[in-house]
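Since the structure comes first, as structure tokens, the remarks are kept for the end.
The values are calculated or read from the model by the stated rules, or taken from the named source; none is laboratory data. Note that this is a predicted model, so its numbers are computed, not measured. Reconstructed Cβ throughout: ideal geometry from the backbone, glycine too, with neighbour counts over all protein chains shown.
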Amino acid sequence: MNSLKEFIIPFSGLKEGNHEFEFGINDSFFDNFPESEIKQGSLHAKALMVKRTQMLTFDIELKGEAKIPCDRCGNEYRQTIEGQWQIVVKLEAEQFNDEDDLISLPSGAYQFDISQYLYEYISLLIPYRRVCAETPDPSKGNCDPEILEKLGNLSANTEEEEETDDNDSTSDPRWNSLRNMKFDN
Ligand SMILES: [Zn+2]
């Protein structure tokens, strides 16, 4: 049972030239990548494959949304994810290789599983800074005000304590006398 079989492209039976593929990427897609930060998502990928004698190129357009936790309040929000890129697959290589953006398939290979590459690219498209209040569409989520308030109180308390500590050390008369001693010497 392979839930990713729709991502396997049986290129050997296809004519040279252009071929279009569309892929629906949903929660079960991410189930296949246990290390995935995204557990829930709904994305759509369009791939234009050009088949040549010893090469396949895929021009891919990806668009959709994924649920990811907000850095600030921890709530999951819907992050828009979109991008386009190209995958080049060299055919009839000596062995399988996928370094430096160039994938090589050994001769005899007749199909190409694109799922891993879609997954890797989606992972790259997750923004570094994830804050639900900053999504362009407010209906897609906002920081949970209750949690923010709790977090705010927490950090306010910590700051206050630090400030008090500072005041104590500068106004502590023992320090003053120490300073005077040094000065006297
Ligand atoms: Zn948030």
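The C-beta contact set for the range 80-99 (first residue within 21 Å of Thr53 (Cα to Cα), second residue loosely packed, with under 12 Cβ neighbours inside 10 Å and of a type in the set (D, E, K, R), distance under 6 angstrom, 6+ apart or interchain) is empty.
Across the range 51-64, what is the number of residues that are at pLDDT below 95 and closer than 27 Å to Cys143 by Cβ?
0
Looking at the range 66-80, is at least one residue within 14 Å of the chain's Cα centre (by Cα) and more than 16 Å from the ligand (Cβ to nearest atom)? No, there is no match, as no residue in the range 66-80 is within 14 Å of the chain's Cα centre (by Cα) and more than 16 Å from the ligand (Cβ to nearest atom). Leu48 meets each of the listed conditions (1) within 16 Å of the ligand (Cβ to nearest atom); (2) modelled with pLDDT of 95 or more apart from (1).
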